[in-house]
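**Q** Quick one: the structure is below, questions incoming.
The values are calculated or read from the model by the stated rules, or taken from the named source; none is laboratory data. The structure displayed is predicted, hence computed values, not measured ones. Note that each Cβ is placed from the backbone with ideal geometry, even for glycine, and that neighbours are counted across all protein chains shown. SASA here: full protein model, heavy atoms, side chains in, ligands and nucleic acids out. Shrake-Rupley method; radii C 1.70, N 1.55, O 1.52, S 1.80 Å.
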Amino acid sequence: MKIFISVDIEGIAGVNEPLQGQRGNPEYEIARRLMTQEANAAIRGAFAGGASEVVVADSHGPMRNMIAEDLDRRAFLVSGKPRPLSMIEGLRSDHSGVILIGYHAAAGETGVLAHTVSGLAFAQIRVNGKITGEPTLFAGHAAEIGVPLLAASGDDRLCAEILKQFPGARRVEVKTALGAQSSQSLSPEASRELIEAEVAEAVRNADTAKIDLPCKPPLDIEIRLMRQVYADAAALLPHIIRKSATEISFTAVSHQQAIGTIAALALMASAL
Ligand SMILES: [Zn+2]
């Protein structure tokens with residue numbers, strides 16, 4: 001049984017503020033270790049639950065955060081960017097399930113470090129009218145190719161989003177949001193124990209997991225950008241419709257196509 005794990009940083013126990021996700025400071029060096037260790041807890045859980053192969057995708061910011069040398073030797077590591085399918089690259093249709101670790105609430109919602117794909121670029125993304133977070137897009141792609149979301153870890157706001165959009169998945173709440181940059185968190189050690197146990201249970205039951213698909217293609221995507229100049233750049237693409245100074249929309253035939261356009265828009269914004 002093959003299991004795919006995608007790991008972000010904002011929903012890791014002990015992570016609260018933007019500096020912890022940004023290279024070049026001591027806080028980041030601590031946070032990337034916490035991220036690597038939560039990934040290892042999920043890998044241990046997956047093998048304990050019956051996995052025979054585990055692929056882990058490093059999926060925060062530069063997508064080269066986890067300390068490769070410290071990663072559980074049984075797992076394959078996907079890292080670096082840009083890459084096809086962004087946070088879900090490495091997932092194939094013969095995987096039995098997806099696990100999201102260290103995820104967070106959607107842009108425009110409350111929650112620790114809430115954003116969708118890029119906090120710099122996007123104020124809010126809606127797909128088929130639904131407020132869209134990273135699980136909506138990436139676990140949505142998995143569901144579209146027939147792979148269920150088995151479990152997701154992060155704060156209570158992420159868990160509320162998962163309950164609404166992926167009710168069949170296990171929710172692993174490692175902290176309670178007190179604001180955008182504050183939380184009450186489990187200790188890293190307690191968080192790892194909880195993740196390992198919950199992932200093991202989720203993987204053990206993978207063969208009966210329900211496939212939740214919150215947004216069915218074709219996807220009608222509406223984006224509010226953070227700055228007018230980002231919309232100017234986005235509107236250069238022929239399939240983008242300009243709605244207002246900062247709002248754009250487009251349609252996608254699949255989650256894969258939506259992910260590609262959104263990832264490219266984020267890269268364009270980071271260049272301006
Ligand atoms: Zn993220």
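**Q** Taking segment 1-41 as the region of interest, how many residues are within 16 Å of the ligand (Cβ to nearest atom) and within 22 Å of residue 80 (Cα to Cα)?
**A** 22
**Q** Take residue 44 and decide whether it is in contact (Cβ under 8 Å) with a residue 60 or more places away in the chain and basic (Lys, Arg).
**A** Yes.
**Q** Tell me yes or no: at least one residue of segment 57-65 is under 24 Å from residue 159 (Cα atoms), crowded, with 16+ Cβ neighbours inside 10 Å, away from the ligand (no atom under 14 Å from the Cβ) and not aromatic (Phe, Trp, Tyr).
**A** For segment 57-65, residues under 24 Å from residue 159 (Cα atoms), crowded, with 16+ Cβ neighbours inside 10 Å, away from the ligand (no atom under 14 Å from the Cβ) and not aromatic (Phe, Trp, Tyr): absent.
**Q** Related question: If I ask for residues that are at positive phi and either open to solvent by less than 30 Å² (accessible area, probe 1.4 Å) or away from the ligand (no atom under 12 Å from the Cβ) (or both), which ones from segment 116-134 would you list?
**A** First pass over segment 116-134, keeping only residues at positive phi: 117, 128-129.
Scanning segment 116-134 gives 128, 129.
**Q** Check off (1) within 22 Å of the chain's Cα centre (by Cα); (2) buried (at least 20 other Cβ atoms within 10 Å of the Cβ); (3) over 21 Å from residue 157 (Cβ atoms) for residue 248 and give me the number that stays unchecked.
**A** Of (1) within 22 Å of the chain's Cα centre (by Cα); (2) buried (at least 20 other Cβ atoms within 10 Å of the Cβ); (3) over 21 Å from residue 157 (Cβ atoms), only one is false for residue 248: (1).
**Q** Out of 23, 73, 33, report the one residue that is assigned to a loop (DSSP other than H, G, I, E, B), open to solvent by 60 Å² or more (accessible area, probe 1.4 Å) and in contact (Cβ under 8 Å) with a residue 12 or more places away in the chain.
**A** 23
One line per residue, one yes/no per condition, for (1) away from the ligand (no atom under 15 Å from the Cβ); (2) open to solvent by less than 10 Å² (accessible area, probe 1.4 Å); (3) without any contact (Cβ under 8 Å) to a residue 40 or more places away in the chain:
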{"residue": "86", "(1), (2), (3)": "no, no, no"}
{"residue": "97", "(1), (2), (3)": "yes, yes, no"}
{"residue": "100", "(1), (2), (3)": "no, yes, no"}
{"residue": "112", "(1), (2), (3)": "no, yes, no"}
{"residue": "146", "(1), (2), (3)": "yes, no, no"}
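**Q** Of the residues 203, 229, 199, which single one is touching a residue at least 40 places away in the same chain (Cβ under 8 Å), more than 25 Å from residue 5 (Cα to Cα) and part of a helix (DSSP H, G or I)? Before you say what the answer is, go through the steps one by one.
**A** Numbers: 203 fails: more than 25 Å from residue 5 (Cα to Cα); 199 fails: more than 25 Å from residue 5 (Cα to Cα).
Just a single option satisfies the conditions, and that option is 229.
**Q** Checking the condition closer than 19 Å to residue 266 by Cα and over 12 Å from the mean Cα position of the chain (by Cα), which residue from 145, 88, 131 passes?
**A** Residue meeting the stated conditions: 131.
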